[in-house]
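What follows is a set of notes on a single structure, which appears directly below.
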Amino acid sequence: MYHKTRGIVLHSIKYSETSVIAKIYTEKLGLQSYIIKGVRNSKSKSKAAMLQPLTLLELEVSHRENKSLQFIKEFRREFVFQSIPFDTFKSTIAVFLLEVISKSIREQEPNIEMFEFIYESLCALDKTEKLNPDFHLSFLIHFSRYLGFAPRKNFSEQNCFFEMSEGVFVHE
């Protein structure tokens, strides 16, 4: 069965002479591994360079339950980064975000809210001209909510110390 979905490339490796295996976090299918045949062929319309980490894609994929390796019928870039590849500070943050996302997401079930958050965060990182130096920390705090362990919002003058084991602010 074919599905149209958006995806964020997390990792790709060469497979055979002309193919690539890519791990992609998709909006509708969650984290999936895909084989893309013929993409490294010189005559191919779609190029392997479009499968670099953090590339935002629009995909048409074949999805079969109980299969660990799916197939991509067609893909194209949905958003082209304008500043991340050329700004050292932004690209460093992007690599950090890639590592956090890759190590944190293990589910093959879709989580549309988390996908939207990651997608919009990457677009915001690229579009902003004056970047907040704490962008990555803000991302981590908001991302923790989607992973299920966000700190409680109980900060006050009395509760001003963060207790890491419980995820709450305490008075001493």
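The values are calculated or read from the model by the stated rules, or taken from the named source; none is laboratory data. Keep in mind the model is a prediction, meaning the values are calculated, not measured. Reconstructed Cβ throughout: ideal geometry from the backbone, glycine too, with neighbour counts over all protein chains shown. To get the accessible areas, we keep the full protein, side chains included, count just its heavy atoms, and leave off ligands, DNA and RNA. Shrake-Rupley method; radii C 1.70, N 1.55, O 1.52, S 1.80 Å.
Things to note:
- Computed from Cα positions, the angle between helix 88-104 and the longest principal axis of the chain comes to roughly 90 degrees.
- Answer label, with semi-axes √(5λ) of the Cα gyration tensor in Å calculated from the coordinates and candidates (1) 21, 19, 15; (2) 35, 19, 12; (3) 29, 21, 14: (2)
- Per residue accessible area in Å² of region 1-155, where ligands, DNA and RNA are left out and the probe is 1.4 Å: 61 Å²
- Counting all C-alpha pairs of region 1-95, share separated by more than 21 Å (%): 31 percent
- Qualifying aspartates and glutamates (Cα of each under 20 Å from Cα of Lys28; at least 8 residues distant if same chain): Glu58, Glu60, Glu65, Glu74, Glu78, Glu107, Glu109, Glu113, Glu116, Glu120
- Among 150-157, 122-129, the order from most to least packed when residues are scored by Cβ within 10 Å on average: 122-129, 150-157
- Neighbourhood charge, 10 Å Cβ-Cβ cut-off, centred on Ser19 and excluding it, Lys, Arg +1 and Asp, Glu -1: +2
- Relative contact order for region 1-45, counting Cα pairs under 8 Å that sit 6 or more residues apart, in percent: 31 percent
- Label zone at Ser83 (point 7 Å along Cα-to-Cβ), backbone N below 12 Å, region 116-155: 123-133
- Rounded FRET efficiency, nearest 0.05, which uses the C-beta distance separating His3 from Asp134 and R0 of 30 Å: 0.25
- With the helix formula -39500 (n - 2.57) applied to DSSP H stretches of n ≥ 4, the chain reaches a computed 222 nm mean residue ellipticity of -9000 deg cm²/dmol.
- Efficiency of FRET between Ser144 and Ser44 - r from beta-carbon atoms, R0 41 angstrom, step 0.05: 0.55
- Candidates per trypsin sites (Lys or Arg not before Pro) in region 1-55, loop by DSSP, up to 14 other Cβ within 10 Å: Lys37, Lys43, Lys45, Lys47
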